[in-house]
Amino acid sequence: MRNRILALAALGAALAAPVAAQAQADVTIGRAPVVVERSPGIAVEQRPAFRDYVVEQRVPAFSVPDRIVIGTVLPETGITYYDVPQRFGATTYRYTVVNGETVLVEPRSRRIVEVLD
């Protein structure tokens, strides 16, 4: 009987491990889980210089009714996205200013991948 209980406990732990690992890779926004991949954005030490760059460029700020958080998908029209200069690191992301926040956006999906404070 004891061996049977131990075998069931081991089986349950083996089945639960992949589910627990998968849960750590997802972020839930609303009802749907969103997988957020961490790609190189702007390095922490480059962020102050990048913020200065954005101010110098006089990038217009856009307004959206939603909160600005990682994973938010921005509208397809009405917002202009700009290339990140090479001097701030090689990145495939674009940037814009929304609701007063400078954000990095994945160009195809328009999903916010980083909010620069």
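Of the residues that sit in region 94-117 and are among the acidic types (Asp, Glu) and assigned to a strand (DSSP E or B), which one is farthest from the chain's Cα centre (by Cα)?
So, considering only residues that are among the acidic types (Asp, Glu) and assigned to a strand (DSSP E or B), the one farthest from the chain's Cα centre (by Cα) is GLU101.
Taking the criterion of being exposed (fewer than 11 other Cβ atoms within 10 Å of the Cβ), on the phi < 0 side of the Ramachandran plot and not in a loop (DSSP other than H, G, I, E, B), would at least one residue in region 57-78 satisfy it?
no
Kindly provide the set of residues from region 88-105 that are surrounded by fewer than 16 Cβ atoms within 10 Å (Cβ to Cβ) and at pLDDT below 90, ordered by number.
The answer is GLY89, ALA90.
The values are calculated or read from the model by the stated rules, or taken from the named source; none is laboratory data. Keep in mind that what you see is a predicted model, and the values were worked out from it rather than measured. Cβ atoms come from the backbone with ideal geometry, glycine included; neighbour counts cover every protein chain shown.
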